[in-house]
Number of protein chains: 2
Amino acid sequence: MTVTLADVAARARVSPATVSRVLNGNYPVAASTRERVLRAVDDLDYVLNGPASSLAAATSDLVGILVNDIADPFFGIMAGAAQTQIGGPGDGSGRAGGEKLAVICNTGGSPERELTYLTLLQRQRAAAVVLTGGAVESPDHQAAMAAKLAKLADAGTRIVFCGRPPLPEGDALVAALAFDNRGGGRRLTEHLISLGHRRIGYVAGPPERTTTRHRLEGHREALRRAGLDAESGDGEGGDGERLTVHGPYDRRSGYEATLDILRREPGITAVVAANDTVALGACAAVRDQGLRIPQDISVAGFDDLPFSVDAVPALTTVRLPLFEAGARAGRLAMGKENPPPGGIATIAAELMIRGSTAPPRVG
Amino acid sequence: MTVTLADVAARARVSPATVSRVLNGNYPVAASTRERVLRAVDDLDYVLNGPASSLAAATSDLVGILVNDIADPFFGIMAGAAQTQIGGPGDGSGRAGGEKLAVICNTGGSPERELTYLTLLQRQRAAAVVLTGGAVESPDHQAAMAAKLAKLADAGTRIVFCGRPPLPEGDALVAALAFDNRGGGRRLTEHLISLGHRRIGYVAGPPERTTTRHRLEGHREALRRAGLDAESGDGEGGDGERLTVHGPYDRRSGYEATLDILRREPGITAVVAANDTVALGACAAVRDQGLRIPQDISVAGFDDLPFSVDAVPALTTVRLPLFEAGARAGRLAMGKENPPPGGIATIAAELMIRGSTAPPRVG
DNA sequence: CTGTTAGCGCCTTCAA
DNA sequence: TTGAAGGCGCTAACAG
């Protein structure tokens, strides 16, 4: 039924081992022999049996890329970029060569699914795993992840974090590319403060995620440095709680949280959103209240997704080099690039000042 | 080093065969035995060897989802939705159960990479393959695809098209969910015509793709029905060529093509874009020319991606139920749902009229 | 440079 | 309901 290595060997009048060597290209083979083998492969339309190959070699050509939400371009861009480094350009023949199969796994942000996918990849003896985006900070989950990743690494799977802080235990097993969420958040709020804003609403992400926490910490640090923490700081029971609302990283959350903040604190002059998608919702809410951006309320986002520059007015935000980071993670996963010193690199975040922020109205 | 089925069997004091049966759950096993085996699995932290299992069973639990560009939410939404039906909810333990591993493969729109990924999936003996988005119409590629898909289907891989027209040969091997791109395109342009527009620019996608062609055909059909084809129709050498510009499905293309059209045909009163992303670029171009939307120029898109409603003014577009279609494709791939009659279902496209279109200025 | 020989770890008849 | 045995298709020593 299906043609096997042995069939190819028979037709090329060589041993199965030779066919294997030609196909894997890891061993010297006479040019004429190789020629003959390749012709037999084409004649017979032979396709390697992946499972058999993986079983014998005790490794597979699968590389897993874990993302929270593939419908979100934040992850789509990173995952796509990683894949460009992993899949290889192909040989243009449709015949697969030495490429790895880069597979994107959508966890939906669920810790359980994250672990499940890791188990699935462990099963497949994946060559590498790239974990993107922030982590959930529950101690249980972190411990489970650390254990699972240790096992994977133990089995020879390369582990790369992309846009995700390294594990607390700081395993040297992994390379980590961490975004400077805290610094970016701080500079963004400093920008607003320098424009003259004093009461700034903050629409945060889900409280349990590292990304959320880091961005918020940056925001509050800026407030504190400016001596504004009495008004908007993080003191228990202070005003900070009225000015900060948590919610998922989506448009709707931005819309509703902003309405909420505006209702409770009509005196705010700016809203900072946890990311650009949330910011879009915030903009809609501001407008629906009959307020103008930026004349009445300044709005800012985070990430600088492609659509942000097209918002009207264009969104002030913090640019994260998602494509570059994803590509680098892909290269690290393939062993094409050496890990950064200490295994950890921090990726800079750049403030992008655009039309959605301006000085508050006087009076 | 790594624990195998045999280790589990030894610890549970049963034969390897019994362990296998417990794990696969396809055979009757005494409850007490099963209990013992499962405990041994947990104690030993056993993880099934996927390749070995796939080799022996001649099938794997991999499901491939092919997309053109995962950074584009159009594909991200479909792929994510498909994955929800394929990955299964997990058992909440991090221990993988009978789930399939849904993997997203990013072709970048390249026919070669599409074929390469199919070969890779064929290698892995994938359980199913979902192909999303439009196809490239080159006869060579179509033939190659048909041959490859036939082989996959032959090996037991289920094939599902999602948002993609069935192959010309109309293999009964596949289930196809096709978007009504033509009808959507037609109704969108009819809407503009009914508002009074007579000279309408069209920023099309890459000419070789089915999606591009179908949407454009719908557009031209509307023009023809309104007797406008002399002005903007598809006649050879006619004005249609001046009013239609092809380019990739991205923002930049929308921006540049729109500038181009406006330069050559300052008299147009509306621009239809091949999709929402392109439309965003078109909007930017219109504004940069000092024109207002919709007072001076109406702009419309296609797809109704999440950000479209947040454009200012909100984008008139054609809604495609991407999530629903993706989820259905996932179910078809899993065999959870029966294929539509004839293997083909057409998914309706709904006109969404918003603020970016209005009657043209009089005079 | 090429052939021979053993498994890789699991599933699946066949018997018991 | 359970065990024994063979083989899935390939790779990786080891010879030659």
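The values are calculated or read from the model by the stated rules, or taken from the named source; none is laboratory data. The structure presented is a predicted model; accordingly, all values stated were derived computationally and were not measured. Cβ coordinates were reconstructed from backbone atoms using ideal geometry, including for glycine residues, and neighbour counts include every protein chain displayed.
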* Flag for A:LEU120 being crowded, with 17+ Cβ neighbours inside 10 Å, modelled with pLDDT of 90 or more, more than 16 Å from DNA strand D (Cβ to nearest atom) and not in a loop (DSSP other than H, G, I, E, B) -> yes
* Asked: Which condition number in (1) charged (D, E, K, R); (2) more than 14 Å from chain B (Cβ to nearest Cβ); (3) assigned to a loop (DSSP other than H, G, I, E, B) is the one that A:ARG125 fails?
  -> (2)
* To do: Just need a number here: residues in the range B:14-31 that are more than 7 Å from DNA strand D (Cβ to nearest atom), surrounded by fewer than 18 Cβ atoms within 10 Å (Cβ to Cβ) and either free of Cβ contacts under 8 Å to residues at least 24 places away in the same chain or in a helix (DSSP H, G or I) (or both).
  => 3
* Asked: In this structure, is B:ILE297 among the hydrophobic types (A, V, I, L, M, F, W, C), touching a residue at least 24 places away in the same chain (Cβ under 8 Å), surrounded by fewer than 18 Cβ atoms within 10 Å (Cβ to Cβ) and away from chain A (no Cβ under 14 Å)?
  -> no
* Taking the stated definitions as given, is B:SER15 at pLDDT below 95, under 21 Å from A:VAL63 (Cα atoms) and within 16 Å of DNA strand C (Cβ to nearest atom)? -> no
* Applying the selection to the range A:135-164, what residues are within 20 Å of the chain's Cα centre (by Cα), part of a loop (DSSP other than H, G, I, E, B) and of a type outside the set (Lys, Arg)? -> A:ALA135, A:GLU137, A:SER138, A:THR157, A:GLY163
* Structure fact -> Checked pairs for the range A:351-363, first surrounded by 15 or more Cβ atoms within 10 Å (Cβ to Cβ), second modelled with pLDDT of 95 or more and among the charged types (D, E, K, R), C-beta under 7 Å and 6 or more apart or across chains, list as A:LEU351/A:ARG187; A:MET352/A:ASP304; A:MET352/A:ARG319
* Structure fact -> When B:ALA6 is run through (1) within 12 Å of DNA strand C (Cβ to nearest atom); (2) more than 9 Å from every other protein chain (Cβ to nearest Cβ); (3) crowded, with 18+ Cβ neighbours inside 10 Å, the failure sits at (3)
* To do: Report whether or not A:VAL47 is modelled with pLDDT of 95 or more, in contact with a Ser or Thr (Cβ under 8 Å, 6 or more places away or on another chain) and either more than 8 Å from DNA strand C (Cβ to nearest atom) or of a type in the set (Val, Ile, Thr) (or both).
  => no
* Kindly list the number of the only condition in (1) out of contact with any Gly (no Cβ under 7 Å at 6 or more places or on another chain); (2) within 13 Å of another protein chain (Cβ to nearest Cβ); (3) of a type outside the set (S, T, N, Q); (4) surrounded by fewer than 17 Cβ atoms within 10 Å (Cβ to Cβ) that fails for B:GLU337. => (2)
* Asked: Which of the residues that make up the range B:276-323 are within 18 Å of the chain's Cα centre (by Cα) and assigned to a loop (DSSP other than H, G, I, E, B)?
  -> B:GLY301, B:PHE302, B:ASP304, B:LEU305, B:LEU320, B:PRO321
* Asked: Restricted to the range B:46-59, and to residues that are surrounded by fewer than 20 Cβ atoms within 10 Å (Cβ to Cβ) and touching a residue at least 60 places away in the same chain (Cβ under 8 Å), which residue is farthest from DNA strand D (Cβ to nearest atom)?
  -> B:THR59
* Asked: Does B:ILE347 satisfy the criteria of being under 24 Å from B:ASP180 (Cα atoms), loosely packed, with under 15 Cβ neighbours inside 10 Å and modelled with pLDDT of 95 or more?
  -> no
* **Residues of the range A:54-85 satisfying the condition of being over 12 Å from the mean Cα position of the chain (by Cα), part of a helix (DSSP H, G or I) and within 8 Å of chain B (Cβ to nearest Cβ)** => A:SER54, A:LEU55, A:GLN83, A:THR84
* Test: residue in the range A:37-45 that is within 16 Å of DNA strand D (Cβ to nearest atom), part of a loop (DSSP other than H, G, I, E, B), within 9 Å of another protein chain (Cβ to nearest Cβ) and out of contact with any strand residue (DSSP E or B) (no Cβ under 8 Å at 6 or more places or on another chain) -> yes
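Which ones in the range B:314-326 are crowded, with 17+ Cβ neighbours inside 10 Å and over 20 Å from B:THR211 (Cβ atoms)?
If the condition is that a residue be crowded, with 17+ Cβ neighbours inside 10 Å and over 20 Å from B:THR211 (Cβ atoms), then no residue fits.
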* Asked: For the range A:18-36, how many residues are more than 9 Å from DNA strand C (Cβ to nearest atom) and away from chain B (no Cβ under 14 Å)?
  -> 3
